[in-house]
Amino acid sequence: MSIASFMRMKAENRRIVMVTSYDYPTAAIADAVGVDSILVGDSYGMVVLGYESTIPVTIEELLPVCRAVRRGAAHPLLIGDLPFMSFQVSPEEAIRTAGRFVKEGGMEAVKIEGGSEVSRTVESISRAGIPVLGHIGVTPQTATLHGGYRVQGRSVDSGDKLVEDAKSLEEAGVFGIVLEMVTEEVAKVVTETVSVPTIGIGSGRFCDGQVLVLHDLIGLYPSFTPKFAKRYVDVAGMIKQALQNFAVEVRNGVFPEEQHVFRMDEDQRARLVSKRKI
């Protein structure tokens, strides 16, 4: 999967499938299933490290995760999320950060949160030869500035602002735009306005693709499930049951069983028995 593939999928009206991954095993599974893109999101800080938000996540925490995902996935387009304050200071610093995600993390593109205010940064990174995925609507890194995790585009004026942000990002050179928690009506307008693909997360049915946090769709983050996320399986419940069964069997002497143990050869066992008798 390439940047050109993304553009072609929009033109051919084929929906893009994107999912987050934070380790080798899930990346390998996503690769085998045939997802179009994997995002190594800064949501890693919340669903894996236990942070209360994505704000504390650092470059040094994300790069090893990127490398693990790279080792597990050969076919999807791999995108690294630039964490908070890793690109805001200056376009030059943003280029260096994006470069690290490509050179050290093995990513093929990076994602940046923000609208027209980050257009100059997006343009700088793109000119450096690094593809950029935009992200507007609810932007977790700056959610507190916009009243928290509130649906965006509920009014005509706010909808117009999102459309202008999308156009600004497109002009700056993004190859796609994530729309997070945007009303379906506005997301549809944005999708029809820009020539690059839109990837929705809680933004309705008319985006060019959809992305979900892996832990939300498999039920591995029981602390909170967003309204827009569909849980396809309860992995947390399955793990809990498995651990309970393991604990019961260990305490009752049921595990390990015959098939779980290793034995000496007959002659060695005979020598051991003979030696113990002496």
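The values are calculated or read from the model by the stated rules, or taken from the named source; none is laboratory data. A quick note: this is a predicted structure, and the numbers were derived from the prediction, not measured. Calculation scope for accessible area: heavy atoms of the full protein, side chains included, ligands and nucleic acids excluded. Shrake-Rupley method; radii C 1.70, N 1.55, O 1.52, S 1.80 Å.
Points worth noting:
- Straight-line reach from Lys230: taking Cα to Cα under 22 Å and skipping same-chain neighbours fewer than 8 places apart, the lysines in range are Lys188, Lys240.
- Of all aspartates and glutamates in the structure, those lying under 17 Å Cα to Cα from Lys10, and not within fewer than 8 positions of it along the same chain, are Asp36, Glu170, Glu192, Asp208.
- Per residue, the average separation of C-alpha pairs within less than 8 Å and at least 6 apart gives segment 127-223 a relative contact order of 25 percent.
- Straight-line cross-link partners of Lys275 among the aspartates and glutamates, defined as a Cα under 13 Å from its Cα and at least 8 positions apart when in the same chain: Asp267.
- Expected 222 nm ellipticity per residue - DSSP helices of 4 or more, -39500 (n - 2.57), all of the chain, to 500: -13000 deg cm²/dmol
- Taking every protein chain into account, the accessible area of segment 73-145 amounts to 38 square angstrom per residue (probe 1.4 Å).
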